[in-house]
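The values are calculated or read from the model by the stated rules, or taken from the named source; none is laboratory data. Computed from a predicted structure; not experimentally measured. As a convention, Cβ positions derive from the backbone with ideal geometry for all residues, glycine included, and neighbour counts pool all protein chains shown.
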Amino acid sequence: MSKGTALRLPVVALSAEYLVIGHLMRRNVLAYKAPPNNEGYDLICIHPDPRQAAGQVRVQVKSRYQTDCDRGFPVKERTFDAFDFLVIAFLNIGWFYSNKPVLEGYADPEFYTLPVNFIREHHRKSASGWEKVLTNGLDLSAYRNERGFEQIAEVLGAAYPSR
């Protein structure tokens with residue numbers, strides 16, 4: 001498959017939202033899926049205790065299924081005011097752009113929880129109209145997996161699960 005050929009995997013793409021919901025709930029953040037095709041965000045997050053729920057966090061989820069993707073993702077500037085965080089889920093289900101067998105590229109998924117200010121700073125528009133955030137060469141370790149999900153928990157004031 002060439003890089004220009006789009007492969008549609010709707011089940012795999014939808015899995016990203018549910019994986020993010022699971023990780024947030026594992027961190028004691030109550031997360032709900034927004035209606036399909038909702039503009040600007042995919043998840044609503046709130047504090048799990050209704051007596052302490054003072055606000056919400058809106059999360060947009062983007063995914064890439066290819067382990068060998070370019071680590072960039074499309075996002076439209078007009079949606080910046082509609083979300084607080086964007087989670088990019090690299091699902092890493094295999095090699096799709098190389099001549100290697102697909103399953104040799106299988107790896108654990110990676111999640112990066114990026115605040116909207118990060119998205120604004122790294123957003124690029126091309127002359128052809130594509131709007132994209134490129135992450136190659138950036139140190140994203142502060143936003144990776146649990147460290148990233150922790151940002152949402154902190155905004156909501158959700159304590160880490162304990163006795």
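Observations on the structure shown:
- Condition check for Pro50: closer than 18 Å to Ala153 by Cβ and either in a loop (DSSP other than H, G, I, E, B) or at pLDDT 95 or above (or both): yes
- A count restricted to the stretch 10-36 and to residues that are of a type outside the set (S, T, N, Q), in a loop (DSSP other than H, G, I, E, B) and surrounded by 15 or more Cβ atoms within 10 Å (Cβ to Cβ) stands at 3.
- Positions within the stretch 112-139 being among the aliphatic types (A, V, I, L, M), closer than 18 Å to Val59 by Cα and outside any helix (DSSP H, G or I), in sequence order: Leu114, Val133
- The sole residue among Glu110, Glu39 that is over 20 Å from His23 (Cα atoms) and surrounded by fewer than 18 Cβ atoms within 10 Å (Cβ to Cβ) is Glu39.
- When Arg58, Arg64 are screened for being touching a helix residue (DSSP H, G or I) at 6+ places or on another chain (Cβ under 7 Å), of a type in the set (D, E, K, R), crowded, with 17+ Cβ neighbours inside 10 Å and in a strand (DSSP E or B), only Arg58 passes.
- Of all residues in the stretch 84-105, none satisfies being in a strand (DSSP E or B), surrounded by fewer than 18 Cβ atoms within 10 Å (Cβ to Cβ), under 12 Å from the mean Cα position of the chain (by Cα) and at pLDDT 95 or above.
- Residue pairs meeting the criteria (Cβ under 6 Å; at least 6 apart or on separate chains; first at negative phi, in the stretch 54-83; second in a strand (DSSP E or B) and polar (S, T, N, Q)): Thr67/Asn92; Phe83/Gln60
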